[in-house]
1. Which residues, taken from the stretch 148-172, are of a type in the set (F, W, Y), under 24 Å from E34 (Cα atoms) and open to solvent by 10 Å² or more (accessible area, probe 1.4 Å)?
2. Which one of N306, N294 is of a type in the set (S, T, N, Q), under 23 Å from L105 (Cβ atoms), in contact with a helix residue (DSSP H, G or I) (Cβ under 6 Å, 6 or more places away or on another chain) and touching a residue at least 24 places away in the same chain (Cβ under 8 Å)?
3. Pick out the one residue from I317, I309 that is at pLDDT 95 or above, outside any helix (DSSP H, G or I), open to solvent by 40 Å² or more (accessible area, probe 1.4 Å) and not aromatic (F, W, Y).
4. Given the criteria surrounded by 13 or more Cβ atoms within 10 Å (Cβ to Cβ) and in contact (Cβ under 8 Å) with a residue 24 or more places away in the chain, does M144 qualify?
5. Might you let me know whether the stretch 224-232 holds any residue that is touching a residue at least 24 places away in the same chain (Cβ under 8 Å) and surrounded by 20 or more Cβ atoms within 10 Å (Cβ to Cβ)?
6. Of all residues in the stretch 173-209, which are in a loop (DSSP other than H, G, I, E, B) and either open to solvent by 40 Å² or more (accessible area, probe 1.4 Å) or among the small types (G, A, S) (or both)?
7. Which count do you get for residues in the stretch 273-291 that are open to solvent by less than 40 Å² (accessible area, probe 1.4 Å), free of Cβ contacts under 8 Å to residues at least 60 places away in the same chain, closer than 20 Å to E220 by Cβ and not polar (S, T, N, Q)?
8. Hey, could you check the stretch 244-272 for residues that are free of Cβ contacts under 8 Å to residues at least 40 places away in the same chain and not in a strand (DSSP E or B) and say which is most open to solvent (accessible area, probe 1.4 Å)?
Amino acid sequence: MAGFNTDIRRFDGPNSGFKHHGEIGCFSLDINREFQDDNRQRKYFIKPSNYNNVRYDLTKGYEGMVKRDEYKNEQLDHLLKWIRKHEQGITQIDFICDRSLLKRLLSTLYTRKEDWKFAVTLHNSTYYLCDYHTDQKLALKQQMMGGKDEEMCAWGFKFEQYLTASSKDSVPNPDLQYNNCEAFYTVVKSQVGAHTLIYCGEVDAVPVNPDGSMGEHYVEFKTTSHSSLQRGSFKRFKLLKWWTQSVLAGVPEIVCGLRDDAGTVTKLQTYKTQQLPTMAGDIPDPWKPNVCFNFLDQLLTYIKSNVTIDNPRLVHILEFSGGEVTCTQFPLDSKYAFLHKWYIQ
């Protein structure tokens, strides 16, 4: 079947639009990555009194960290479990997926060196999209295992411990066991062009206001080195990733910890999600939100045109490695089939 042309000029027109319709639910994952149909893992952002003078050691407790299995593909299992419990409230939706896949798709045209691969299944008139590791991604994971890069990836989880508490009346405790297994997910409904979507994404915390009330939105936490702010790659790639992640979940602000190379945060800085594209506007050939959303809109249209057999056992694989996007139909019950019997029946 014909491939999908990714020439960037095709997408640099009026923005086909993105509407965030809001949160429709949430769920938690415990230390064993087991699904919990509640908000027990929701964290509360307790703002420090001084943003300009903090001292957070992100390496603290790293040796005893409980790490999730990075090679295990959890597919859409957690979201599917949530849908089974709440399906009476869900009307006809075009696409169901994970936010991490949408993030990757939105930034495709500006990160052409990053391959991706995902499976599509049409079931009861809804398209389910499931991310799969490419050979490139697996090689990268292998390369990072046990090294400094792996530890630096984990610093973000320790940073959250310095800023969040398990209830709005308690205080942060950075002495807690270090782990990247527990998580809190928001389930969101949105629209890209004419396509309706439901997806889940991990969110970091709810801000607690000075009067003790809870904020209406989530906040995202990031860390970056002081020196990275001066590099063009910060605006070209990091701000793009921050923007796609936050805009999809309706997160209006990002609190960033500025750290040294040894992993000590000394200053906090807040970024407004909607201002990130403007901040990146002064680099040569800057990334543009209209291009990102038009690409996603037309790719979803391409999926609807090419995946037309409604059968939960049938999978099409879409792949990208810098050129056009290809779409390949696999035999029934291939190794890529991801909708379980407990979900289908």
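The values are calculated or read from the model by the stated rules, or taken from the named source; none is laboratory data. Please read these numbers as outputs of a predicted model, since none were measured by experiment. Here the Cβ positions follow ideal geometry from the backbone for every residue, glycine too, while neighbour counts run over all protein chains shown. Each accessible area value is taken on the protein alone, full model and side chains, heavy atoms only, with ligands, DNA and RNA left out. Shrake-Rupley method; radii C 1.70, N 1.55, O 1.52, S 1.80 Å.
1. F157
2. N294
3. Details: I317 fails: open to solvent by 40 Å² or more (accessible area, probe 1.4 Å).
Unique residue meeting the criteria: I309.
4. Criteria not met by M144.
5. Checked against the condition, which is being touching a residue at least 24 places away in the same chain (Cβ under 8 Å) and surrounded by 20 or more Cβ atoms within 10 Å (Cβ to Cβ), the stretch 224-232 yields no hits at all.
6. Let us first name the residues in the stretch 173-209 that are in a loop (DSSP other than H, G, I, E, B), namely 173-178, 180-182, 193-194, 203-204, 209.
Scanning the stretch 173-209 gives N173, D175, L176, Q177, E182, G193, A194, N209.
7. Counting residues in the stretch 273-291 that are open to solvent by less than 40 Å² (accessible area, probe 1.4 Å), free of Cβ contacts under 8 Å to residues at least 60 places away in the same chain, closer than 20 Å to E220 by Cβ and not polar (S, T, N, Q) gives 3.
8. It comes out as D261.
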